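S.K.: Quick one: structure below, then a few questions.
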């Protein structure tokens, strides 16, 4: 029989495996990204502020937040989850009710499961995250899509929702705000108004917006708002946030017949440990940074302007840019990859040599990145790096 265990040194975590008394290093698990500029869109909004880190050390144990639990996660008073869930987050999202989930996808699934039956129709934008489609598939829902405009902007036209609603009569509608590929911000308010006129509930998947930019469920006419703590709220995660309009309370928060205080759609409790504490500890920092959203949009537009001065590089998606998530098309890097000794992995290695990570290894022709929370000098370092590499 083979056993394994971990132990820490000052700089690394080591996995040891042993069999019949013999020990050997199996894997050296370490992370050196702190010394790089990280452009990965799924990580830029999840970087934890230094003020949060000392707090996390007190809550590392598995079920640490459950010391004073009386059966419901959102009613725990120490740490103050009750106030956070019932008071702070509803005000932040401008919505009636909030629950924490184990991720944004779990929040989407909970709403679909509560409101839909097998073979019901659901209307989803073509730019939706893959987990949206999988959640619907898991429930055997009939998926219909609102198409995007195609190359090069891939925009979602809100009026197409009205047309599709007339055509398929869905039980539920979902809009991704923004999408995780192009960072397009569609007119969610208009889509919400259309759904309201037809009496169909709207889910806004705001995994890349809640925590990065101001979001008001009421202004956007949304029945449900979904956020991602680890993508956009400086949380260690995985953790999701589900905002619920009051009229849907009975359906979404229905209780178990056997365990009277347990909410069925969340399997009794949401995230039960460090993710919740990290979300709470980082929240003051997150609440302040959303007030500076205009500056983040300015930085993204500045970056795009400079990067498009390089021959063979352009931004795809809506213009002008309204979000930090950027999709780059690069015929220049693709051509270099054909003759470079590292082939299609050359861009990853050339960027890393210059202190930059986050572009997926092997991508040269198309790739995603984010400028969120980068300092001006870091932006210029990235621009200079792309320029240098383009001249190889």
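S.K.: Suppose the chain between residue 285 and residue 142 were pulled fully straight at 0.36 nm per residue; how much longer would it get relative to their current alpha carbon spacing?
M.R.: Values: separation 143, 0.36 × 143 = 51.48 nm, distance 4.07 nm.
Length gained between residue 285 and residue 142: 47.4 nm.
S.K.: Rounded to the nearest 0.05, what FRET efficiency is calculated for residue 253 and residue 82 with R0 set to 22 Å and r the Cβ-Cβ distance? Before the final figure, lay out each step's value.
M.R.: On the way: r = 15 Å, r/R0 = 0.70.
Efficiency computed from Cβ-Cβ geometry: 0.90.
S.K.: Another one. FRET efficiency for residue 51 and residue 306, Cβ-Cβ distance as r, R0 = 30 Å, nearest 0.05?
M.R.: Values: r = 32 Å, r/R0 = 1.07.
That gives a FRET efficiency of 0.40.
S.K.: With a 10 Å cut-off between alpha carbons and a GNM built on the chain, which of 380, 102, 322 moves the most?
M.R.: Comparing 380, 102, 322 in a Gaussian network model of the chain, the most mobile one is 380.
S.K.: Moving on. Quick one: check the C-alpha center-to-center distance for the stretch 353-391 versus the stretch 285-341, whole angstrom.
M.R.: Comparing the Cα centres of the stretch 353-391 and the stretch 285-341, I get a distance of 9 Å.
S.K.: Taking the Cα-to-Cβ direction at residue 68 and at residue 198 and moving 7 Å from each Cα, how far apart do the two end points lie in nm?
M.R.: Taking the simple label geometry, residue 68 and residue 198 are separated by 4.8 nm.
S.K.: Working out 0.36 nm times the residue gap between residue 381 and residue 341, then minus their Cα-Cα distance, what length gain in nm do you get to one decimal? Spell out each step's value before the answer.
M.R.: Details: separation 40, 0.36 × 40 = 14.40 nm, distance 2.45 nm.
This chain segment gains 11.9 nm when fully extended.
S.K.: Can you give me the Cα centroid spacing of the stretch 182-254 and the stretch 39-89 in angstrom?
M.R.: The distance from the Cα centre of the stretch 182-254 to that of the stretch 39-89 comes to 21 Å.
S.K.: Just for the chain, what percent of DSSP beta bridges are antiparallel, to the closest 5?
M.R.: Details: 36 of 54 bridges.
The antiparallel proportion sits near 65 percent.
S.K.: If you don't mind, another one. Compute the relative contact order of the chain as a whole-number percentage, counting only Cα pairs closer than 8 Å that sit 6 or more residues apart in sequence. Don't skip to the answer; put the middle values down first.
M.R.: Details: 789 pairs, mean separation 75.2, N = 392.
Relative contact order of the chain: 19 percent.
S.K.: Also, quick follow-up: Ignoring solvent entirely, what values of log10 I(q)/I(0) come out of the Debye formula for the stretch 142-254 at 0.23 Å⁻¹ when each Cα is a single scatterer?
M.R.: Evaluating at q = 0.23 Å⁻¹ gives log10 I(q)/I(0) of -1.36.
S.K.: Could I ask something else about it? Hey, fewest Cβ within 10 Å first, where do 241, 310 land in order? Walk me through the numbers on the way to the answer.
M.R.: Values: 241 29, 310 17.
The most exposed by this proxy come first: 310, 241.
S.K.: Now for a separate question. Let me have the 222 nm mean residue ellipticity of the chain computed from DSSP H runs of 4+ only, each contributing -39500 (n - 2.57), with the sum over all residues rounded to the nearest 500.
M.R.: Working: 14 runs with 126 residues, N = 392.
Taking each H run of at least 4 residues, the total per residue is -9000 deg cm²/dmol.
S.K.: Using DSSP, restrict attention to beta bridges with both residues in the stretch 131-257 and report what percent are antiparallel, rounded to the nearest 5. Present the calculation step by step, with values, prior to reporting the outcome.
M.R.: Numbers: 6 of 14 bridges.
Taking every DSSP beta bridge with both residues in the stretch 131-257, the antiparallel ones total about 45 percent.
S.K.: Just to be sure I follow: if Rg is taken over the C-alpha atoms of the chain and Rh is the Kirkwood radius over the same atoms, what is Rg/Rh?
M.R.: Working: Rg = 22.6 Å, Rh = 22.7 Å.
Computed over Cα atoms, the ratio is 0.99.
S.K.: Something else: Which percent, to the nearest 5, of DSSP beta bridges fully inside the stretch 73-188 are antiparallel? Display every interim value, and only then the final one.
M.R.: Details: 1 of 9 bridges.
If I count the DSSP bridges inside the stretch 73-188, around 10 percent turn out antiparallel.
Throughout, read-outs are computed from the coordinates displayed, never taken from laboratory work. These figures come from a predicted structure and were not determined experimentally. Neighbour counts run over all protein chains shown; Cβ positions are idealised from the backbone, glycine included.
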